[in-house]
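What follows is a set of notes on a single structure, which appears directly below.
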Amino acid sequence: MVVLAVLLGLLLLPVVVDAVRHGELRRLAIRNINRRRGEAVLVVAGSMLGTAIITSAFVVGDTLGASIRDTARTTLGPADVSVQTLDVGQLAELAARLADPPVAGTDGVLPLVIARAPVATPADAAGERRAEPHGVLVEVDFEAARRLGSDPAITGFAGAGPTPTGDEAVLTAALADHLQLGVGDTVEVYAYGTERAFRVRDVIESVGVAGFGGGGGRGVFGAAQAGARSVLVPPGTLAALRATPSGAPGPAGSAAPPTGFVLVSVEGGVYESAGRIDTVLPEVERRLQGVAGVQVTPVKQDLLEQADAVGRQFTELFSTVGGFSVIAGVLLLVNIFVMLAEERKVELGMLRAVGMKRGRLVRGFGMEGAAYATAAAVAGALVGIGVGRVIVYVTEGLFSRGDLGIDVTFRFAAEPASILTGLAIGLVISLVTVWATSLRISRLNVIAAIRDLPDPPGVSHRTRSLALGAAGVVAGGLLFAAGLAGARAGALAGLPIAAFSAIPLLARLLPRRLAVNVLCAVALVWPIAVFSVLPGVMDGADIALFVVQGVLLVAAAVTLVTVNDEAFGQLAERLSVAGRGLSMRLGLAYPLARRFRTALLLGMYALVIFTLTFMAVFSRLFAEQAPRFTEEVRAGHHLLVESNPGNPVSTEALLEQPEVEAVAPILRAFPHFTAHYQPEPMPWAVTGIDERLLAHGVPVLASRVPEYATDEEAFRAVLADPGLAVVSEFFLQRGGGPPIDRLRSGQTFTMINPASGEARELTVVGVLSADWMFTGPMVGAGGLVDLLGPQAVPTRHYVRLAAGVEPDEAGVALTGRFLANGADARSFETIIRSNLSQQEGFIGLMEGFLGLGLLIGIAGLGVVMVRAVRERRRQIGMLRAMGFPARTVRGAFLLEATFIALQGILIGVTLGLVTSYQLLANSSTFGDSDLGFLVPWAGLAVLLAVPLGASLLAAAWPAGQASRIRPAVALRIAE
Amino acid sequence: MSGVATTEPMLEATGVRKVYRTGALEVEALRGVDLRIHAGELVCVMGPSGNGKTTLLNCLSGLDSIDAGTVLVDGEDIHTMDDARRTEHRARRMGFIFQSFNLIPVFTALENVELPLLVTGVPAAEARERAAAMLARVGLSQRLKNRPTELSGGEQQRVAIARALVSEPAIVWADEPTGNLDSETAAAVLDLLREVHDAGQTLVVVTHDPTIGRSGQRLVQVRDGRVTADGAPRDILGGLPDGNGHDPAAGGRRGPRPRRTRPLRAR
Ligand SMILES: Nc1ncnc2c1ncn2[C@@H]1O[C@H](COP(=O)(O)OP(=O)(O)OP(=O)(O)O)[C@@H](O)[C@H]1O
Ligand SMILES: [Mg+2]
C-alpha cells in the first residue's frame, strides 16, 4: 500500500506540477480532451475496465472474508478457546481447572455437552414430516452461558430465560425456521438408536454461544458454518438417551459419543479479544497438563485467520484470472496513445521543429493521458464494486449447489481500503503505460514526423536495439537456467524471452522476416511444450503461471501473424476481383498497413479468447465425464448413504431393505494431518474401509506404487497394513484450481489424533485422481479405530442395489425411511453431477468475468474505428469523389473490424485448443489421470459468434458515420 | 468565345445557387451561375479567395448539392439524381485533382490509380494494365510500387492526375492543382495537364496563378458568387500581371495566402 502510494505520487507529481506551473500545457490538454468528448468517453470506458476488474476481485475477497468473519459473531460470541473432550465426565474438572482461579486475561468459562442428532417434526395429518439431518443437541446451563464474557448480549442467551427442564427444549432460530416450528410445537430428536420428543419453550437467535455447534463440517475451504441448528435440551438428557439399551456405548466404530466442551472467553468482545488469545493459550494448556484426551483449539483465532485466508484466496483467484483482461486493458491504453500520437504526428513534429523541448512534449502528452487515466481509474473502481456485487451474487448461488464446505450467509462488503487499492493499482498501471508511451512518442524523428514517414532506423537506434536484444538474450538465458533448477516461471518464460530478444540480432544474419518467423516459432512452441519436456519442474503450475503462458503465446502468435500478414493482402487482392472486392481491399489495406496498431488489437482479442477457449474445454470436459468419474469412484456400488454421526444408519438395517444387495460401511473421522507441503497440522477427512468395499469392484487409481500389479492389490495392502493409505490429488489442498503440491505414490504423511496427540506415519500406495466424495485418505478401518477410537464413526455406507433398481429412486426411498438417522442417500452419479455443476458454475462465472476483458477488446476496436473514420475523412471524401458508393465505404469499415476481430479470435481459439490439449493429454499438470480431451464445439461457436457480433456492432456506428461523409465537406478539411 | 461553342455543350449550368448554412448563418456562395463547357475545352476559373471557385467546381461536378438551378451533363440533370446515381455518374464521367493530392496512403501508386477503374467494374487485370500505362504516361513507370509517403509532392500530384484520367472521364476538375508545389514542379505538372488537354481531355482548372490562367484558351472569373467574366484570358486579364487583381509583389505567389472569408450575405 505504501509502495503504491509512493509510486502514484511519483507518477502524478509531474502532472500536477505542470498543470499548476505551465498553463499552456494544461490548456492544450484540456482543449484536446474537450475537442473530442465522445471519444474521451470511449477512451475512459475502455480503460476503466482494468481497474474495475482489480477492484471487483478485492470486493469479492472482502465479502467472503467478511461473511466468514461474521460467523465469529454467530457461532462463537464471547468464546475464544475451546477445550474438547470425549470423556464428558471430565468436564466439571476441566472447567474448575480453568476457572479457579481464572486464567489471567480471561473472563469466564462455560462447560457444555454437544451431540449430533437428526431432528424432525412429528408427522402431520398427511403423514409428512420435516427433518433436519444435521441437527445438534446441546446441554448447557443458560445462567452460566449468559455469564460467559462481559457482555450477555453477545452470548445469544440474553433473552433465553432459564435452563429448560423436563420435556421442554429451546430451539435456535436456524433450526426453528428450517422446520417451521414455533413456541408450543413438538420437536422430535433421534440419537443413539432412540427418540425423544420435546415441547418448544422458546426460539432464540442463532448467535454467540447459542450458535455454537462444535465445529465439524469441513470442505475445500475449511470449516466456516452459519449458526448451528440446535435443540437446547435439559441437562441429563444425553446421559438418559445413552442409558437406553440401544443407546449404550457400543464398540468403537459405532455412533459418535457426545462431546464435552469448555469454552473460554478472553477479555474483550467478539472481535477485540482475538489478538490476545496467544497470551492466554499457554496458561490454558499448562492448567490442563496431565488430563488425557483433551484438545485445545483457539477457535476464534482460527476462524478469523480462515476468513482472511479465504478472502485473500478469492481476491487472488479473481485478480489473476482477471490478469488477462488487465493486460488487454494495458494494450488498449497503449493503442489509444499510439493513435493519439499518430494523429498529431505532424503537429508534434512541428512543435519539435520549432524547438519545443522533448521533455515538454512528453509532459504535455502525459498530462492528457493522466487525465484519462485518473478518470478511468475512478470510474473503474465504482464499476468494480458493481461487478463485485454480481460475482458475489453468483458465487453465493454456487456455494449452495455443491459440497464446498462453506455454509455462511453472505454479507456484501467493500472495504474503502480495498477500493482505494484497486483504484491505485489501476491508476499506476495506466500511468506507467501513459508515461512509457509518451516517452516513446517523444523520440520522434522530426523530419519523418513532418513528412509522415515511418521512423528510419538510425544508427544509434540500431546499436541500442542490438544492445537491448543482447541483454534480453542473457536475461532469458539466466531465467531459463533458474527454470531448469526448478523455478517454474523461468522454465516457462526464459526461452521465449531470449527468442524475442534475439530478433534484432538474428535479423542481421538472416532476412528479417525469416528471423522473426524462426524465433517466434520458438516462442510459440516452447510455452506449450515445456509441460511435457520438463514435467518435474512444471507440475503444480498455478493460475498466475497460465497468465504468463498466455501472454507469451499470444505475443508470439500475434507477431507471427502480423509479420506474415502480406499473405492476407495477396488473398484480398485475389478476392478483389469478386463482387465485394473493393470493400475487402480497402478494409484489409488499413490494418495491414498499420501493423503495430493491428497487433495490439489482435493481442487484446487473442488473450481473452485464449483463456475463454481454455475454460470452454474444461467446461465440456467436466460436463461430459460424469459417467466416467462415477465408474471410477463407485467400486461396484450405486448409492452413497450418509447419516448423522449421533445416530448412524446400521449396516444390518440397510441390508434388510428390499432394494439393497450389498452394503459396505465406511468409517469417517476428522483427524489432523501433516505432509511435506503442509507442516502445520491441518484437519481433513479420513475414510476407513474394510474388505466389504472391495467385494464388487475397486475405486480406480490414477497411479500406484509399482509393487502392486493392480488397483485391487494396492487396496488389499491398505486393508492389511495400517501404515498404508490411498490419497487423492486434492489431499490437503486449499482452494480450487489444479493441485499446487501433492503427495505421490511412495511418499509419506502423518495422521494425528487431535485428542491424544498420538501420530502415525502412513505411506501412499496409490493416488486417486479426484476426490468427489470428499473421502480424504483411505485407510484400513481397523487401523483407523486403533488410532482414533470413538472419533471414527460409520457415517457412510456404499450400497449396491439389486438388479433393476433405479438408483435415484432408491436414494429417495432410503432417505425417507432412515429419516431418524439423518440419512441422505444419493447415487454416485448424482453427487458427482452436482459437484461438477458447481465446478462448471465457477468456470461459467470466470468466463463471465473474462467476458469483461472481451468488452475491453471490443471497446478498443470501437475506439480505433471511430478514430480511423476521423483520420481518414479526407481519404473517404476522395473515394466518394471518385465514385465509391457509400455502401462500399461502410462495407470496408465493417470488413476491417471483422478482419481484426476474426484474426484475434482465431489466434486465441487455436492457442487455447492446442494448449489445453497439450496440458490435458500429454502432461501431468492436472494430475496423473488422463482427463481426456474434447473439442467444445458449442462453446467455440459462441466464442466465435458473440465477440464477432459485438465487434461488428461496435464498428457499425463508425462505419455508418464514414458512409455518410459528404465528399465536398470532407475534402475541404485543411491538412 | 472560342469556336468550340458551335457544338452542343458537354455541361450546361443555369442559374445555379448554393447557400451554405451553419447554424443561423447563411452564406450564399453561388448566386445564379450560368456556364457552358464544351468537349475538349480547357477552362480556367479564377477569382479572389473565398469568392466561390471551389463551390462552383463542387456544384458543377456533382460533388455537392445545389439550392437552385440545373446542371446538365450530356443533357442529363445531375442534381435530380439520387446520391447513389450521382456517385455512379461521378465514377464514370468525372475526374478530380486537388491541391492536396488526397492519395490513399495505404495503397501504392499503382493501386491508387487502379481504384477508379475497379469502382466502375473494370476487371482487375485490365485495371492493373491500364493503371500502369497511365502512370507511365505521367512519367512514373519506375514508382509503381511506392506508397505516397515515399513520393515527392510533384510525384504524388502526378499520381493523382493519373488517377483522375485513368477512367477516361468526360471532364477532369482540378482545384488549384499546383497550390502545394514549388514553381518548378508546378510548371511540370502544368505541362502535363496541357499535354492531357492537347490529347482531347476536357479540363476545368481552378487557379490563383495568372500564368496558368493566361495560358488557357478560356478564362472564367468568379467574384462574389457570380461569373463576372468569361472569355479569352487576354481580354479579361488585360495587361495586369495578376488575374486576381492583387499586386504579386505585395504578397508573393508562394507566400502564405491570407484566406479572406467574407460572408457575402449574413443574416
Ligand atoms: N461548408 C461551408 N459552410 C459555410 N460556408 C462555406 C462553406 N464552404 C465554403 N463556405 C464559404 O463560401 C464562400 C466560398 O468558398 P469557396 O471555398 O468556394 O471559395 P474559393 O473561391 O474556392 O476560395 P479559395 O480561393 O480561398 O479556395 C466562402 O465565403 C466560404 O467561407
Ligand atoms: Mg477554393
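The values are calculated or read from the model by the stated rules, or taken from the named source; none is laboratory data. Owing to the predicted nature of the structure, the values given are computational and were not obtained by experimental measurement. Counting neighbours? That spans all protein chains shown, and the Cβs are built from the backbone with ideal geometry, glycine included. Keep in mind that these areas ignore ligands, DNA and RNA; they rest on the heavy atoms of the full protein, side chains included. Shrake-Rupley method; radii C 1.70, N 1.55, O 1.52, S 1.80 Å.
Miscellaneous remarks
- Out of A:G883, A:G857, A:G891, A:G848, one residue alone is under 30 Å from A:A959 (Cα atoms), touching a residue at least 24 places away in the same chain (Cβ under 8 Å) and within 14 Å of chain B (Cβ to nearest Cβ). It is A:G891.
- Residue selected from the stretch B:201-226 under the condition more than 22 Å from B:G62 (Cα to Cα) and open to solvent by 50 Å² or more (accessible area, probe 1.4 Å), by the criterion farthest from ligand 2 (Cβ to nearest atom): B:Q217
- Residue in the stretch A:548-571 that is modelled with pLDDT under 90 and either within 12 Å of chain B (Cβ to nearest Cβ) or at positive phi (or both) present: yes
- Sole residue being in contact (Cβ under 8 Å) with a residue 12 or more places away in the chain and out of contact with any Ser or Thr (no Cβ under 8 Å at 6 or more places or on another chain), chosen from A:R130, A:R97, A:R146: A:R97
- Residue in the stretch B:17-42 that is least open to solvent (accessible area, probe 1.4 Å), counting only those that are away from ligand 2 (no atom under 16 Å from the Cβ) and within 14 Å of chain A (Cβ to nearest Cβ): B:V19
- Only one entry of A:A292, A:A328, A:A309 meets the criterion of being closer than 30 Å to A:V88 by Cα and small (G, A, S), and that entry is A:A292.
- Yes/no for B:T261 being among the β-branched types (V, I, T) and at pLDDT below 90: yes
- Selection of the stretch B:144-178 for residues being within 16 Å of ligand 1 (Cβ to nearest atom) and touching a Phe, Trp or Tyr at 6+ places or on another chain (Cβ under 9 Å) yields B:W173, B:A174, B:D175, B:E176, B:P177.
- Enumeration of residues in the stretch B:159-180 that are farther than 30 Å from B:R36 by Cβ and either within 16 Å of ligand 2 (Cβ to nearest atom) or open to solvent by 10 Å² or more (accessible area, probe 1.4 Å) (or both): B:N180
- Pairs, first in the same structural domain as A:F410 (by TED's automatic domain parsing) and within 12 Å of A:W435 (Cα to Cα) in the stretch A:362-390, second crowded, with 24+ Cβ neighbours inside 10 Å and β-branched (V, I, T), C-beta under 7 Å, six or more apart: A:G366/A:V15; A:G366/A:V434; A:M367/A:V15; A:G369/A:V434; A:A370/A:V15; A:A370/A:V434; A:A373/A:V434
- Hits in the stretch B:86-116 - residues which are more than 10 Å from every other protein chain (Cβ to nearest Cβ) and under 19 Å from A:T888 (Cα atoms): B:V113
- When the criteria are applied in full, A:V428 fails the requirement of being surrounded by fewer than 20 Cβ atoms within 10 Å (Cβ to Cβ) and either modelled with pLDDT of 85 or more or in a helix (DSSP H, G or I) (or both).
- Restricting the stretch B:70-85 to residues that are within 19 Å of B:S167 (Cβ to Cβ) and either of a type in the set (A, V, I, L, M, F, W, C) or within 12 Å of another protein chain (Cβ to nearest Cβ) (or both), the residue that is nearest to the chain's Cα centre (by Cα) is B:V73.
- Cβ pairs under 6 Å, 6+ apart, first in the stretch B:45-69 and more than 12 Å from every other protein chain (Cβ to nearest Cβ), second more than 8 Å from ligand 1 (Cβ to nearest atom) and in a helix (DSSP H, G or I): B:M46/B:G213
- Any chance B:G238 is open to solvent by less than 10 Å² (accessible area, probe 1.4 Å), at positive phi and either away from ligand 1 (no atom under 16 Å from the Cβ) or modelled with pLDDT of 90 or more (or both): no
- The listed residues are A:V942, A:V946, A:V969, and the only one of them that is within 16 Å of ligand 1 (Cβ to nearest atom) and part of a helix (DSSP H, G or I) turns out to be A:V969.
- Subset tally (residues that are within 7 Å of ligand 1 (Cβ to nearest atom) and either touching a helix residue (DSSP H, G or I) at 6+ places or on another chain (Cβ under 9 Å) or over 18 Å from B:D209 (Cα atoms) (or both)) for the stretch B:53-69: 2
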